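To start, the structure itself, in structure tokens.
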Amino acid sequence: MMRVDLSHAKLTKDIASYQEAVNEAHKWLHEKSGQGNDFVGWVTWPNNYDKEEVARIKEVAAKLKDQTDVLLVCGIGGSYLGARAAIEMINGLYPKNGPEVIFIGNTFSATYLKQVYDYVKDKELVLNVISKSGTTTETSVSFRIFKELVESKYQDKAKERIIATTDAKRGTLKELALKEGYETFVIPDDIGGRYSVFTAVGLLCLAFVGIDPTVVLEGSKKAYEDLKDPDLSSNEAYKYAVARRILDEMGYKSEMFVTYELQMTSIAEWWKQLFGESEGKEGKGLLPTSACFSTDLHSLGQFIQEGQKCLFETLLWFDKMSEDITFPHEEVDFDKMNYLAGKKLSWVNEMAMKGTLSAHEEDGNVPNILIHLEDNSAFSFGYMIYFFFKACGMSCYLLGINPFNQPGVEVYKKKMFKLLGKE
Ligand code: PA5
């Protein structure tokens, strides 16, 4: 399913030298004995997720999706990035079926929110508010504005069009949902925001757009099975984690996540949050950045090729994508492009990847970790997400960092609240 190729990574150390440290950190993850051990519920989730809740997710989505033009997903960080990434990876940027999904609750931008408001106000809506804490300001601001819209449109039927995904017992959102009679779904106590896409946080949204949650979960289960042995000769996620650590030690302080598919841009955003929020602590961690090639070869490509040697690339390559195009032949070769006539664009993209890899690695001296993923199906999505969860947990533990908290995020909030006059 997923294969890590380190032959372009220029590692100066053997990954096997980390085996002992990896064994130890693996125990912390699986035996819940490391830093942040209250939040490792995601490790065994593919085996013990709540089947009834998943059945209810499917039922609710099936009941509402045909009466919905726009699903408004209101959440920030781990409460929306995974769902967005999944929809784009699996269904593409211009999906043919299902309601449109619009993300709110992730910004204070009045212009964005007003434009969304005007765009959706005469459409059939469902509003899914997602917040584990129930108190995140960006989410609360959008929720109040769009809740009022749903209430004014649907009056006493509004509660049938608002769904709250939040903590099982606590929080203001839970209290409101109980009072108003909203359908609610649970974010488990032991799963943090950025590790929550396999819960209702991601799955409800996927079910709305025709992606079967069970298939995604089966993909994660296969990854669980494949990655439960810490042996570095077979555990691809740990191989990747160790390679990142070696490159960090070698002085590469930024990791650029690269894909060759525009519909993977949100996967890159999700990946940046996962690694950035998990690893960037105590003055440590790699700066996660991203690029989509060949598009960004015409922007960042120059820097990567000849600029400061501060980064390595992690290239996620899809062995097979769901669509292809054969390049047309023209009788009069006006643009001198007939040399590609009859060729598949997937092949052209692959040649672009191979040429770029060689240019960056050999001429630019930029290390590359190459990760192969089979395809962009729902199953592969589930597999890939679990792979990165595992790699991230391991990377952080190897660095002596708690992967599951984000204390630094509170600093901006405190200063902002003071300016906003919050008690
Ligand atoms: O990964 C995390 O924990 C964060 O990014 C949260 O998901 C984000 O801050 C939103 O939090 P909440 O779901 O409590 O609104």
task = Taking the Cα centre of the range 33-166 as origin, work out the dipole magnitude from +1 charges on Lys and Arg Cβ and -1 charges on Asp and Glu Cβ, in debye rounded to 20.
result = 100
note = When every protein chain stays in place and a 1.4 Å probe is rolled, TYR412, TYR386, TYR49 sorted by accessible area with the largest first are TYR412, TYR49, TYR386
task = Using the charge dipole of the range 165-231 (Lys, Arg: +1 at Cβ; Asp, Glu: -1 at Cβ; taken about the Cα centre), state which of LEU204, LEU178, THR165 has its Cα farthest towards the positive end.
result = LEU178
remark   = If N is the residue count of the range 78-171, its Cα Rg over 2.2 N^0.38 Å rounds to 1.11
Theoretical ellipticity at 222 nm over the chain - DSSP helices of four or more residues, -39500 (n - 2.57) apiece, nearest 500 = -13500 deg cm²/dmol
task = Quick one: pull the percent of accessible area on the chain belonging to carbon and sulfur, 1.4 Å probe, ligands and nucleic acids left out.
result = 52
ask   = How big is the accessible area of MET321 in square angstrom, nearest 10, if you roll a 1.4 angstrom probe over the protein chains?
value = 30
query = Under the Karplus relation 6.51 cos²θ - 1.76 cosθ + 1.60, θ = phi - 60°, what is the ordered set of whole-Hz ³J(HN,Hα) values for the range 104-118, x standing for Gly and Pro?
reply = 10, x, 10, 6, 9, 4, 5, 5, 4, 5, 5, 5, 4, 3, 5
request  = Past 28 Å, Cα to Cα, is the threshold; run LYS32/LYS272; LYS147/LYS413; LYS344/LYS390; LYS27/LYS309; LYS10/LYS284; LYS253/LYS390 against it and keep the listed order.
outcome  = LYS344/LYS390; LYS27/LYS309
request  = Could you name the lysines whose alpha carbon sits less than 17 Å from that of LYS96, not counting residues in the same chain fewer than 8 places away?
outcome  = LYS65
Along principal axes, Cα extents of the chain, largest first, whole Å = 65, 64, 44
note = At 10 °C and 1.306 mPa s, the Stokes-Einstein diffusion coefficient in µm²/s for the range 42-211, with hydrodynamic radius from the Kirkwood sum on alpha carbon pairs, is 100
note = Each label sits 7 Å from Cα toward the beta-carbon; between GLU423 and ALA62 the label points are separated, in nm, by 4.7
query = If you take the beta carbon distance between ASP122 and GLU180 as r and set R0 to 25 Å, what does 1/(1 + (r/R0)^6) give as a FRET efficiency, to the nearest 0.05?
reply = 0.60
ask   = Taking the Cα centre of the chain as the origin, how large is its charge dipole in debye, to the nearest 20, when only Lys and Arg (+1) and Asp and Glu (-1) carry charge on their Cβ atoms?
value = 1440
message = I need the peptides 264-270, 133-139 ranked by packing, meaning the mean over residues of other C-beta atoms within 10 angstrom, with the highest value on top.
response = 264-270, 133-139
message = Using the Kirkwood formula on the Cα atoms of the range 145-284, what hydrodynamic radius do you get, in angstrom to one decimal?
response = 18.7
query = Under 21 Å Cα-Cα from LYS415, which lysines qualify once same-chain neighbours fewer than 8 residues away are excluded?
reply = LYS281
ask   = For the chain, what's the relative contact order in percent, using C-alpha pairs closer than 8 Å and at least 6 residues apart?
value = 24
inquiry  = Taking a virtual spin label 7 Å from the Cα of ASN405 along the C-beta vector, which residues in the range 157-194 bring their backbone nitrogen under 19 Å of it?
reply    = 189-194
query = So which trypsin sites (Lys or Arg not before Pro) in the range 38-119 are both in a DSSP loop and have at most 15 other Cβ atoms within 10 Å of their Cβ?
reply = LYS96
note = So for R0 = 51 Å, FRET eff. of MET416-GLN155 from the Cβ-Cβ r, to 0.05, ends up at 0.90
request  = Could you tell me which of rounded, prolate or oblate describes the range 203-341, using a ≥ b ≥ c as the square roots of the eigenvalues of the alpha-carbon gyration tensor, with rounded for a/c under 1.5 and, failing that, prolate when a/b is larger than b/c and oblate otherwise?
outcome  = oblate
message = What distance in nm separates the two pseudo spin-label positions at TYR94 and MET321, each 7 Å out from Cα along the beta-carbon direction?
response = 1.4
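The values are calculated or read from the model by the stated rules, or taken from the named source; none is laboratory data. As the structure is a prediction and not an experimental result, all values here were calculated from the model. Note: ideal-geometry Cβ built from the backbone for every residue, glycine included; neighbour counts use all protein chains shown. For accessibility, only protein heavy atoms count, side chains too; no ligands or nucleic acids. Shrake-Rupley method; radii C 1.70, N 1.55, O 1.52, S 1.80 Å.
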